[in-house]
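Structure first, then comments.
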């Protein structure tokens, strides 16, 4: 399947394929021209049938759809064909309580702990939301202007720090079903101030880590996508800005 976020709603696009490769998406895939709304509708609002500027989505191993409902300051779970969502851990609006969010910008599902990891942008922290009878939120990383999240196959967490124009990698320490960053993290992209050099970023947004531990970053205000190999001191432009830059 393929999903995308449009203003105030999430669309689901089914596709038909000729064969299934274990990793690569075949060029023979054919995408359906139609889509079905699986969360929200065309109008924004605070009730659980609507969303307000959804910024990210993830799906758990049971088919639950989790949406970072940014301007409603909440994470909402939708089931396929559902008419309304269900609050996950919060939903009271902006607040400073441990169970409250402020403009969440990203959410990922961690199958190892059966929990969500959330970028709580307005509170400058990353939190974990655990499920079960005692649903709770705990702080994983604090004092970081986190925009987007990613996790590699070694379960290390990557965070785009928009304020410091860098991407940081965090080793996670797990105790029972709770996780926490081991230390202050390691810069794996940018980290040399705001700029357009090959060792710099300018308000990084999305981050993706491939099977070779290469980090891809949407370098928003430089209008380009950068790739950083593991332990590299400089990145390379893979899309956008074709000008030759120096570190």
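Only the coordinates and a few stated rules stand behind these numbers; no lab work does. On a predicted model such as this, the values are computed, not experimentally measured, just so you know. All Cβ positions, even for glycine, are placed from backbone atoms using ideal geometry, and neighbour counts span all protein chains on display.
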Item to check | Cα-derived Rg over Rh, computed across the range 92-202 with Rh taken as Kirkwood radius | outcome: 0.99
Checklist entry - How do 99-106, 49-56 rank on mean C-beta neighbours within 10 Å, highest first? => result 99-106, 49-56
Checklist entry - On average, how much area does the Cα convex hull of the range 150-247 cover when viewed from any direction, in nm²? => result 6.1 nm²
Item to check | the range 100-143 versus the range 165-193: alpha-carbon centroid distance in Å | outcome: 15 Å
Checklist entry - What does the highest-first list of 217-230, 199-212 look like by mean Cβ count within 10 Å? => result 217-230, 199-212
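How much of the calculated P(r) for the range 32-76 lies past 14 Å, in percent of all Cα pairs?
Working: 489 of 990 pairs.
Tail fraction, whole percent: 49.
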Next on the checklist: Just want the ordering: 144, 118, from fewest to most Cβ atoms lying within 10 Å of their own Cβ.
Outcome noted: 144, 118
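Could the peptides 165-174, 183-192 be put in order, highest first, of the mean number of other beta-carbon atoms found within 10 Å of their residues? Let's see the in-between values first.
Values: 165-174: 19.8, 183-192: 17.8.
The most tightly packed comes first, giving 165-174, 183-192.
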Item to check | Gain upon complete extension [residue 178, residue 43; 0.36 nm per residue less C-alpha separation] | outcome: 44.9 nm
Checklist outcome for this item: Log10 I(q)/I(0) at q = 0.23, 0.24 Å⁻¹ for the range 50-125, from Debye over equal alpha-carbon scatterers, is -1.03, -1.11
